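What follows is a short report on a single structure.
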Amino acid sequence: MKHTHLIQATLACAMVVAMAAPAAAGRESKRAPNTWALITDGNVKINTYFFGAGFEASEGFTVGDFDGQQNWTASGMDLPFASISNANPFTGSQHLRMVYDPTMTQGTTRIVLSPEQPTPPFTVNTVYIKVNISDDGGADYDIIGQAPSQGFLTWRVKFSWSDDSNTGPGMIYVLDNVNGGLVFVNTGVQWAHGIYKELRVDFTPGEIRYYYDGALIYTGAVIAGSAVEQVGIVHDNWQLPNETADFDALSVQTLGEPPVAVKSMTWSQVKSLLR
């Protein structure tokens, strides 16, 4: 049976953040973690900062196992759940693909993390990433911004397998502090299946704004981490057969829209204009 979304918590607790897992015979759904503690499974390294990634050959990425490429890291070593693929890029010819990890049980947290750079607190920024999940009803996928130097998450967005009832379509949730407890807030927005859409998160000292496909879907307060030093993608290993999740065109940049349309250029060309 499901547990309630509201989990009473304090930010002072120092513990690894718990992953939510969809329901199916003993699974919990959208169960909020009880702290804003940094996402880690003890194996994922924190390295030097990289501005973003289109996962292209021109950036040094090669098709195949993902872990360690260009200072990105992943749970375990050379496991099949994360790879550089050329099957379905948003732009260019390569992208990050995440799938089921057959070496682990369902409900096991699987993480990939970008390189990290300590950033002054309250540095204003925008994070863009293109997301293409093949269908709902399977795994949860969380995209996070965090501040390793502070030991906290800054924000967290969940592409949930279902809705509040666990019977409806996959919805987008945002982790927030509500009445003194952490909760995944249902934005009321369904995420698109099998097509790339853009997740954008604007971080400012006063608020965090969340956009999907160009539309503002939620506004929250700055609660824990006060910078975005690292971006991570997490799933809970509950994929349906042949389920895929593709990610491309990640950019951590100054606040605002990119100077050019990403679709018309390779991501390497876009990044060269953003520097």
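The values are calculated or read from the model by the stated rules, or taken from the named source; none is laboratory data. Values in this document were obtained by computation on a predicted structure and should not be read as measured data. Cβ sites come from the backbone with ideal geometry, for glycine too, and all protein chains shown count toward neighbours.
Things to note:
- Test set (1) modelled with pLDDT of 95 or more; (2) at negative phi; (3) over 17 Å from the mean Cα position of the chain (by Cα); (4) not in a strand (DSSP E or B) - Trp238 fails condition number: (3)
- Which numbered condition Val63 fails, given (1) crowded, with 22+ Cβ neighbours inside 10 Å; (2) modelled with pLDDT of 95 or more; (3) not basic (Lys, Arg): (1)
Each row is one residue, and each column tells you yes or no for (1) within 23 Å of Gln150 (Cα to Cα); (2) of a type in the set (Phe, Trp, Tyr); (3) surrounded by 14 or more Cβ atoms within 10 Å (Cβ to Cβ).
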| residue | (1), (2), (3) |
| --- | --- |
| Gln190 | no, no, yes |
| Pro205 | yes, no, no |
| Ala224 | yes, no, yes |
| Glu229 | yes, no, yes |
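- Filter result for Thr123 (hydroxyl-bearing (Ser, Thr, Tyr) and within 23 Å of Glu243 (Cα to Cα)): no
- Summed over the stretch 128-144, the residues that are part of a strand (DSSP E or B), crowded, with 23+ Cβ neighbours inside 10 Å and in contact with a Ser or Thr (Cβ under 7 Å, 6 or more places away or on another chain) give a count of 0.
- Candidates Gly214, Gly206, Gly220, Gly232 - the one that is within 13 Å of Thr187 (Cβ to Cβ) and among the small types (Gly, Ala, Ser): Gly220
- Within the stretch 157-184, the set of residues being of a type in the set (A, V, I, L, M, F, W, C), assigned to a strand (DSSP E or B) and within 16 Å of the chain's Cα centre (by Cα) comprises Val157, Phe159, Met171, Ile172, Val174, Leu175, Phe184.
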